Amino acid sequence: MKTRLLLLSLSTALVSVGQMKLSENVVVVTMDGLRWQEVFGGADSILSHDTAAKYSTRYVKDHFWAATSEDRRKKLMPFFWSEVSSKGVLFGNRTYGNYFNNANRYWFSYPGYNEIFTGFPDTTVNSNDKIPNKNETVFEYLSKLPEYKGKAAVFGSWDVFSYIFNEKRSGLLVNDGHRDLTGDLTEKQKLFNSLQHQMPVLFHEGERLDAATFNIAFEFMKTKKPKLIFFGLGDTDEFAHAGQYDYYLDAAQNADEWIAQIWNYIQSTPGYANKTTLIITTDHGRGLAAGSNWRHHGQRIAEASEMWMAAIGPSVKAIGENKQKVQLFQGQIAATIAVILGKEFKPSHPVLPAIPL
Ligand SMILES: [Zn+2]
């Protein structure tokens, strides 16, 4: 069934891709393990009223609750539900049969990010171990072309991104974990390097807080003007695993505000304005509210392959919430990034076809 739906979506893709207005830059932001349920419905009605919760339901209700899911999602992610919903597109609201899933069968981070950036749900990529990726990301592929050489950068809260993007082989600038940014730095960049070590190691040694990642990456974007940049945020997943639904929502809201800042910067900066498409997505879904399954993901959690994607920019039609019955996959994002730039992504491994935007 999935295959037939995929083929249907592919024929649509070919038509729409041909009419696409090209961009010169692509910015990708991921929020690790943020559920489609919150993106499209805001604070979950069960989790907001869970009397057995260890997190503060009072905080959740004070900050994120409203009577309708439309109002709740606006409270949680105001940028998504104003700017992106009016000028961009959002995929993955399963209420309408608009399905967006992992094509890989693992539903955790390394296989997910591998699929996003290499376009390939590789069955042999099946752990989060620090193994240099044998597959080629679309960033690595594009950075071999003259116009993107030295113009692609990867920032992440998790210290495995340097392996997923195969920093050594690709030569991409990767700044992840608690690493300092090196090179010719502004005073602000020196401050952000120092601040990240003053923040608590809240989750584990391989993960810094997103506030550090965002500021280091955003300042790099402003000073070096990369044509391809990735912001890999992780707080949402970590707080969900910890069972902190209040902080999980906070993390999603912070990310929405940062994405608004990135977009406002893009649209007010020559070289970026009206030439840049922003893609926002996640690496996997999570389980349902019942039985605390929202905290978990991976093969044992039936719903953990259910995810979402949003995009805004000159290469994106202003459809808003996509209500078409269609099955799309995370692995289609890599080819989409290339198509947006007027390129074809042809690494030595298979690649799923681009999504019609
Ligand atoms: Zn996780």
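Under 5 Å between amide H atoms, partner at least 5 residues away or on a different chain: which partners does Y55 have, H built in plane at 1.01 Å?
Residues meeting the amide H criterion: Y245.
Excluding V138 itself, what net charge comes from residues whose Cβ is under 12 Å from its Cβ, given Lys and Arg +1 and Asp and Glu -1?
Result for the neighbourhood of V138: -1.
If I model a spin label at K190 and D62 as a point 7 Å from the Cα along the Cα→Cβ vector, what separation in nanometres do I get?
4.0 nm
Over the alpha carbons of the range 137-194, what is the largest minus smallest coordinate on each principal axis, giving the biggest first in Å?
33, 24, 14
Considering only DSSP beta bridges where both residues belong to the chain, give the percentage that are antiparallel (nearest 5).
25 percent
For D50 and K144, calculate 0.36 nm times their separation in residues minus their Cα-Cα distance, and state this gained length in nm to one decimal.
28.7 nm
Would you compute, from DSSP H runs of 4+ residues alone, the mean residue ellipticity of the chain at 222 nm, taking -39500 (n - 2.57) per run and dividing by the full residue count, rounded to the nearest 500?
Dividing the helical sum by the residues of the chain leaves -10500 deg cm²/dmol.
Using the Cα centre as the reference, give the magnitude of the dipole from point charges on the C-beta atoms of the chain (Lys, Arg: +1; Asp, Glu: -1; all else neutral), rounded to the nearest 20 debye.
980 debye
Residues in the range 234-260, backbone N under 19 Å from the label point at V201 (7 Å along the Cα-to-beta-carbon vector): list them, ranges by number please.
Flagged as within label range: 234-235, 238-239, 242.
What are the semi-axes of the equivalent ellipsoid of the chain, taken as the square roots of 5 times the eigenvalues of the Cα gyration tensor, listed largest first and rounded to whole Å?
Working from the Cα gyration tensor, I get semi-axes of 28, 25, 20 Å.
Coordinate-derived values only; no laboratory data. Remember, predicted model here, so these are calculated numbers, not experimental data. Reconstructed Cβ throughout: ideal geometry from the backbone, glycine too, with neighbour counts over all protein chains shown.
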